[in-house]
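The values are calculated or read from the model by the stated rules, or taken from the named source; none is laboratory data. What you see is a predicted model, and the numbers here were worked out from it, not measured in a lab. Cβ placement follows ideal geometry from the backbone for every residue including glycine, while neighbour counts extend to all protein chains displayed. Accessible surface is based on the protein model in full, side chains and every heavy atom, while ligands, DNA and RNA are left aside. Shrake-Rupley method; radii C 1.70, N 1.55, O 1.52, S 1.80 Å.
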Amino acid sequence: MGELFRRFWLPVLMPSELPTPDCPPVRVRILGEDLVAFRDSSGRVGLLEERCAHRGASLFFGRNEECGLRCVYHGWKYDVEGTCLEMPNEPAESSYRQKVKQNAYPTREYGGLIWAYLGPSELAPELPALEWALACPDQRALFKWEYNAGYLQGMEGEVDTAHLTFLHRYFDRSFAPGNLNTLVDGAPQLAVQDTDYGLMYGGRRRTADGQGYNWRVSHWLLPTYSLLPGDFPRGGRCYVPIDDEHTWVFAYYYHPHRPLAEPELARLHSGLSSWPALIPGTFRPAVNAENDYGLDREMQRTVNFTGIAGVSDQDRAIVESMGPLYDRSKEHLGTSDVAVIAVRRILMKLARDLQKGIEPFAPSHGDAYRVRALEAVAQQEDFGSFAEAHMERLRPGDLVMAP
Amino acid sequence: MGELFRRFWLPVLMPSELPTPDCPPVRVRILGEDLVAFRDSSGRVGLLEERCAHRGASLFFGRNEECGLRCVYHGWKYDVEGTCLEMPNEPAESSYRQKVKQNAYPTREYGGLIWAYLGPSELAPELPALEWALACPDQRALFKWEYNAGYLQGMEGEVDTAHLTFLHRYFDRSFAPGNLNTLVDGAPQLAVQDTDYGLMYGGRRRTADGQGYNWRVSHWLLPTYSLLPGDFPRGGRCYVPIDDEHTWVFAYYYHPHRPLAEPELARLHSGLSSWPALIPGTFRPAVNAENDYGLDREMQRTVNFTGIAGVSDQDRAIVESMGPLYDRSKEHLGTSDVAVIAVRRILMKLARDLQKGIEPFAPSHGDAYRVRALEAVAQQEDFGSFAEAHMERLRPGDLVMAP
Amino acid sequence: MGELFRRFWLPVLMPSELPTPDCPPVRVRILGEDLVAFRDSSGRVGLLEERCAHRGASLFFGRNEECGLRCVYHGWKYDVEGTCLEMPNEPAESSYRQKVKQNAYPTREYGGLIWAYLGPSELAPELPALEWALACPDQRALFKWEYNAGYLQGMEGEVDTAHLTFLHRYFDRSFAPGNLNTLVDGAPQLAVQDTDYGLMYGGRRRTADGQGYNWRVSHWLLPTYSLLPGDFPRGGRCYVPIDDEHTWVFAYYYHPHRPLAEPELARLHSGLSSWPALIPGTFRPAVNAENDYGLDREMQRTVNFTGIAGVSDQDRAIVESMGPLYDRSKEHLGTSDVAVIAVRRILMKLARDLQKGIEPFAPSHGDAYRVRALEAVAQQEDFGSFAEAHMERLRPGDLVMAP
């Protein structure tokens, strides 16, 4: 599965972590590899193996100097591509420098994030044309945090519309933050449809007047993006494996037509909505396993289902409570888990295909990601018919440009 | 050995941990299993596997609602027997609910503790008729704490009368708490006798006048109870494995004829006697490996043998200092270890018997536990003769009712 | 390799850790073994296996009594040689005491340190006649700290003259502590010469006037001593394995002809020079991985190469940043690593020889250690010729007595 992830461009850093040319390097752990990122004098971002090719000193302690990161142990200096520019402890006439290369991965700045590609260099993946990534910077907000479990546990929560009715239920709606959709029907009719970018899945609930159906259509985009429906601004999350038991969550929130408003941003940063409050100076949520996620049993009796204040904290509490790597042989999946099952099926198939030498389609087709989530009332009973009738809105030609 | 422990009712919680109907659930780890206990609306105690049968969310975060514990992820609700009462994310007509069962263990409230039985349901163990458990609530005191080593290391200290003379020696008797018996003869003549409930062992010391013998008879009751002699009130401890390297200690202290007096309780709760002081809100002793058990070398020179103030802390310091799971192939056992050897022999035999399909006797014979420890001066040289002569006092017919 | 280390006397404690007869015992972990050291009533130092031979209680909690350390569990008492002096829980007539021996290692107080020999008793190693060890106490200063990596990573830094130019470079010389030699030529010509005590290695740089060579000759002495050149007072360090991933560093600093002066000692104890500042009451450096070694990126831009204030902290940051046990198959060694390569070659050869039954020469020839480091300007181009011409100063007959 790691190999499959190495076929995609992956978000790895917020640009604010490397704010200026020659700023301090930062440690990055992705897909179980320890790396160091730095921004060179010309603004390019390098992503190098953490340990120097010479004798293994960490380049995190390196000096970010004129167009290169220099190991402070013996002064070996590398550019963003891992080329060794200087080897000052070798004789001036030595050509050893040309034989040494620091392992490095290509990076891109795109959509308000820094991305990296950890796969084979002969393959040419494209950046995904996700609407939030194409939007103007003031039309989107981005956030990042860590959680202590494998990526799939979090990803599964994204494609699991049924849990909204329970995990995020508020008895007292006045406490429900933002446009959290507190759906009362916890057993919607669910359907999935495989796509070239991953999966489209719809949840159908009867409207209150019984005259039609409320359809909520979400997308799961390879390898780990969600796009969730609702009024704009809205968004989703991407899950990037740190290693088997830790994950970076990158969250996006955007409006396709206008800048985000102050109150919208304030709500996001309140820590009570889709994003957690962080321990200052870190990407670790303040509310975490050590404090039982701030669990308040009285709140659980009277205000909401969990007794945990933040919506994002509710998700993380549950996802981490399964343990760092849940043994799924113990599960009992039901009809509400149809999208969870589909995600696993697709990921497993692509990983097995890759072992046979069959490359996945999505990494080299960035335009496949030009889709939108949708919530609509309609008469169609069948997801296929609904999706066909609303294809214009699910795959809009004017992505970003119009509602 | 885990299988053998699963043949017995085991103390697992203090009732104060589940004080009222519908109170918050608590985590319980016993025999290496992660469980969640809750008290339902009618007051019954449930002990469920921690992770929900659906997708593994921890039921610790569950809502304790009308006669069931509800997982907050998707609302599955279980009763104390693990029956799934509701599955609200499934269609109303679904019968899936009847096919799913959350793993659950039967519990009992008895003798001031909550007990659980983790063994095969077709066997019918009995609760042990231990005197302190049969006594009126105001005639006993109970306590619980954790120690960081396998159960056997602590249990061995219980059947090791010789260590009293050393580990718990006070040079300055004015510091010795309570009725700690600071026996001066550290090399008593020891003898053991197998019984249907475990083991009876006697320590014989010559009386000061040389005219007879002081006999101290303790009991070890399967799987891990001690009953220690001395003036009433008195008691012992039970060691319940959390896992191979951690143990719950349940301590009991009682008087068979009268309520415990205030000063007796105050001494127990002083932290200096048989019970440790705890870190508030936990069952972890305040004096522990991180602070070298409060070791005071000056106190060790002048006041007592260890330089550790609390009697229970003295035991725990030594037991934990062996490491979490001591490699007994490095031991050099002597004649004072006769009871330690006997305990191991019996446990090993019962575990091996069980592998052959031979069930142990004690679990299904609660009445076998109707015994008392005894300290008496007598003429008998031989433990068999002494025990026979004093059988009335060791196995009193009027247990609880008379001295 | 552990077996090879067990052929040498190794520094294990500072005498200040066992200041007086019958003082409290201390824990010592060396070569992966947990031990307890104590000083008995007559001042002799014992080094015993930590866990009592009886039932494994830690002798750290023991009472240091009249000429022996007594286990507080059952009172077994051992002398510095591990002989069991008393076994008070056994019958008075028992001879069991004579059959039990606590594992013990011989110790010596020498050169201001406590040394131990953990090898076979039939071999008779000698203490190394190192100049700093032979010097008067007021002519030397000693220090000890812990680092979290295998011994070899630190040792390799000692025989790596090239790193001085980089890791310890100060742009602003006014910040450079003491006589740190901020050599500007980072690519000296290096040469090594095997010796009976280990290795002598020279770094040759052209003098500023181009008329000759500046030769710096250091020694690496088995198993892990360094002797570094420079003006007196000067010294080196010894690396003693705690286990595969932790090391004790013993540092020595001395003048062969006069007592150390106050300012010299003050500089050493400033924490900015060759020795780290410690967390009070421990041997753990205050500046460590948890605080990124006090890394100050502004200092790194303007003051010195690393942005780390202390010279010793600079070394430790790099050595620990390789990870606790660096996988050297990932290295790319260059010409500046000639001494590193030589050290590994010699250690590997001696370890392999030992497996074949060939004992190393150095442990039984303490006088082989009578050498000095040297810095000198000379005409010799070749290290062999230089060393031969300066043998009097490299192996002075009047060691300690004259400059």
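Could we say that B:LEU399 is over 20 Å from the mean Cα position of the chain (by Cα) and either under 30 Å from B:CYS136 (Cα atoms) or exposed (fewer than 15 other Cβ atoms within 10 Å of the Cβ) (or both) here? Before the answer, list the steps.
Values: over 20 Å from the mean Cα position of the chain (by Cα): yes; either under 30 Å from B:CYS136 (Cα atoms) or exposed (fewer than 15 other Cβ atoms within 10 Å of the Cβ) (or both): yes.
So B:LEU399 passes the test.
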Item to check | Selected residue (criterion: nearest to C:TYR151 (Cα to Cα)) from residues of segment C:10-27 that are without any contact (Cβ under 8 Å) to a residue 40 or more places away in the chain and part of a strand (DSSP E or B) | outcome: C:ARG27
Checklist entry - Of all residues in segment A:277-300, which are more than 13 Å from chain B (Cβ to nearest Cβ) and not hydrophobic (A, V, I, L, M, F, W, C)? => result A:PRO280, A:GLY281, A:THR282, A:ARG284, A:PRO285, A:ASN288, A:GLU290
Item to check | Failed criterion for C:ARG7 (all others in (1) at negative phi; (2) within 14 Å of chain B (Cβ to nearest Cβ); (3) in a loop (DSSP other than H, G, I, E, B) hold) | outcome: (2)
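So, in segment C:301-310, of the ones that are among the hydrophobic types (A, V, I, L, M, F, W, C) and open to solvent by 10 Å² or more (accessible area, probe 1.4 Å), which residue ends up farthest from the other protein chains (Cβ to nearest Cβ)?
Start the filter on segment C:301-310 by keeping residues that are among the hydrophobic types (A, V, I, L, M, F, W, C), which leaves C:303, C:305, C:308-309.
Those still in the list that are open to solvent by 10 Å² or more (accessible area, probe 1.4 Å) too: C:303, C:309.
Working: C:VAL303: 12, C:ALA309: 14 Å.
By that ranking, first place goes to C:ALA309.
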Item to check | Pairs with Cβ under 7 Å, 6+ apart, first in segment A:244-268 and under 28 Å from A:ALA149 (Cα atoms), second open to solvent by 70 Å² or more (accessible area, probe 1.4 Å) | outcome: A:ASP244/A:LEU325; A:GLU245/A:ASN148; A:GLU245/A:LEU325; A:HIS246/A:ASN148
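Among the listed residues B:LEU127, B:LEU123, which satisfies the condition of being in contact with an Asp or Glu (Cβ under 8 Å, 6 or more places away or on another chain), in a loop (DSSP other than H, G, I, E, B) and away from every other protein chain (no Cβ under 14 Å)? Give the derivation first.
On the way: B:LEU127 fails: in contact with an Asp or Glu (Cβ under 8 Å, 6 or more places away or on another chain).
So the residue among B:LEU127, B:LEU123 that is in contact with an Asp or Glu (Cβ under 8 Å, 6 or more places away or on another chain), in a loop (DSSP other than H, G, I, E, B) and away from every other protein chain (no Cβ under 14 Å) is B:LEU123.
Of the residues B:ALA317, B:ALA342, B:ALA351, which single one is of a type in the set (Gly, Ala, Ser), under 21 Å from the mean Cα position of the chain (by Cα) and open to solvent by 10 Å² or more (accessible area, probe 1.4 Å)? Talk me through it step by step, then tell me what you get.
Values: B:ALA317 fails: open to solvent by 10 Å² or more (accessible area, probe 1.4 Å); B:ALA342 fails: open to solvent by 10 Å² or more (accessible area, probe 1.4 Å).
Answer to the check: B:ALA351.
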Item to check | Restricting segment C:289-309 to residues that are part of a loop (DSSP other than H, G, I, E, B) and in contact (Cβ under 8 Å) with a residue 60 or more places away in the chain, the residue that is farthest from A:GLU65 (Cα to Cα) | outcome: C:VAL303
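Out of all the residues in segment A:361-403, which are of a type in the set (Phe, Trp, Tyr) and over 25 Å from A:THR207 (Cα atoms)? Let's see the steps before the verdict.
So the first thing to find is which residues in segment A:361-403 are of a type in the set (Phe, Trp, Tyr), and the list is A:361, A:369, A:383, A:386.
Result: A:PHE361, A:TYR369.
Could you go through segment C:294-301 and let me know if any residue there is more than 21 Å from C:LEU278 (Cα to Cα) and either in contact with a helix residue (DSSP H, G or I) (Cβ under 6 Å, 6 or more places away or on another chain) or of a type outside the set (D, E, K, R) (or both).
The initial filter retains those residues of segment C:294-301 that are more than 21 Å from C:LEU278 (Cα to Cα), namely C:297-301.
Adding the requirement that they be either in contact with a helix residue (DSSP H, G or I) (Cβ under 6 Å, 6 or more places away or on another chain) or of a type outside the set (D, E, K, R) (or both) leaves C:299-300.
Yes, segment C:294-301 has at least one match.
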Checklist entry - Looking at segment A:375-395, which of its residues are open to solvent by less than 10 Å² (accessible area, probe 1.4 Å) and under 19 Å from A:TYR254 (Cβ atoms)? => result A:LEU394
Next on the checklist: Restricting to segment B:329-351, count the residues that are farther than 24 Å from B:SER273 by Cβ and either more than 11 Å from chain C (Cβ to nearest Cβ) or in a loop (DSSP other than H, G, I, E, B) (or both).
Outcome noted: 16
Next on the checklist: Just checking, does segment C:219-226 include any residue being open to solvent by 10 Å² or more (accessible area, probe 1.4 Å) and outside any loop (DSSP other than H, G, I, E, B)?
Outcome noted: no
Checklist entry - Is one or more of the residues making up segment C:1-19 at pLDDT below 95 and buried (at least 16 other Cβ atoms within 10 Å of the Cβ)? => result yes
Item to check | Residue list for segment C:80-110, filter: over 15 Å from C:ALA57 (Cβ atoms), touching a strand residue (DSSP E or B) at 6+ places or on another chain (Cβ under 8 Å) and open to solvent by less than 20 Å² (accessible area, probe 1.4 Å) | outcome: C:VAL80, C:GLY82
Checklist entry - Failed condition for B:CYS23, given (1) closer than 17 Å to A:ARG301 by Cα; (2) within 14 Å of chain A (Cβ to nearest Cβ); (3) surrounded by 15 or more Cβ atoms within 10 Å (Cβ to Cβ), with all others met? => result (3)
Checklist entry - When C:PRO229 is evaluated against the numbered criteria (1) outside any loop (DSSP other than H, G, I, E, B); (2) touching a residue at least 12 places away in the same chain (Cβ under 8 Å), which criterion, by number, is the only one it fails? => result (1)
Checklist entry - Does B:GLU66 count as within 14 Å of chain A (Cβ to nearest Cβ), modelled with pLDDT under 95 and either over 28 Å from the mean Cα position of the chain (by Cα) or open to solvent by 30 Å² or more (accessible area, probe 1.4 Å) (or both)? => result yes
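Considering only segment B:143-160, state which residues are part of a loop (DSSP other than H, G, I, E, B) and under 25 Å from B:ARG267 (Cα atoms).
Initial filter on segment B:143-160 (part of a loop (DSSP other than H, G, I, E, B)): B:148-150, B:159-160.
Hits for segment B:143-160 are B:ASN148, B:VAL159, B:ASP160.
Quick check on this structure: which one of B:PRO233, B:PRO229, B:PRO263, B:PRO256 is over 18 Å from the mean Cα position of the chain (by Cα) and buried (at least 19 other Cβ atoms within 10 Å of the Cβ)? Steps first, please.
Numbers: B:PRO233 fails: over 18 Å from the mean Cα position of the chain (by Cα); B:PRO229 fails: over 18 Å from the mean Cα position of the chain (by Cα); B:PRO263 fails: buried (at least 19 other Cβ atoms within 10 Å of the Cβ).
Only one candidate passes the filter, namely B:PRO256.
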Checklist entry - Can A:ALA208 be described as touching a helix residue (DSSP H, G or I) at 6+ places or on another chain (Cβ under 8 Å), open to solvent by 10 Å² or more (accessible area, probe 1.4 Å) and at pLDDT below 95? => result no
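Matching residues to (1) within 27 Å of B:ALA277 (Cβ to Cβ); (2) modelled with pLDDT of 95 or more; (3) crowded, with 20+ Cβ neighbours inside 10 Å; (4) within 14 Å of chain C (Cβ to nearest Cβ):
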{"site": "B:GLU146", "(1), (2), (3), (4)": "yes, yes, no, no"}
{"site": "B:MET155", "(1), (2), (3), (4)": "yes, yes, yes, yes"}
{"site": "B:TYR170", "(1), (2), (3), (4)": "yes, no, no, yes"}
{"site": "B:GLY178", "(1), (2), (3), (4)": "yes, no, no, no"}
{"site": "B:VAL184", "(1), (2), (3), (4)": "no, no, no, yes"}
Checklist entry - Could you say whether any residue in segment C:53-61 is farther than 21 Å from B:GLN189 by Cα, within 14 Å of chain B (Cβ to nearest Cβ), part of a strand (DSSP E or B) and open to solvent by 10 Å² or more (accessible area, probe 1.4 Å)? => result no
Checklist entry - Given the conditions (1) at the interface with another protein chain (Cβ under 10 Å from one of its Cβ atoms); (2) under 21 Å from the mean Cα position of the chain (by Cα); (3) of a type in the set (Ser, Thr, Tyr); (4) assigned to a helix (DSSP H, G or I), which single one is not true for B:TYR326? => result (4)
Checklist outcome for this item: Per the list (1) part of a loop (DSSP other than H, G, I, E, B); (2) within 13 Å of another protein chain (Cβ to nearest Cβ); (3) not hydrophobic (A, V, I, L, M, F, W, C), residue check on A:ASP313 breaks on (1)
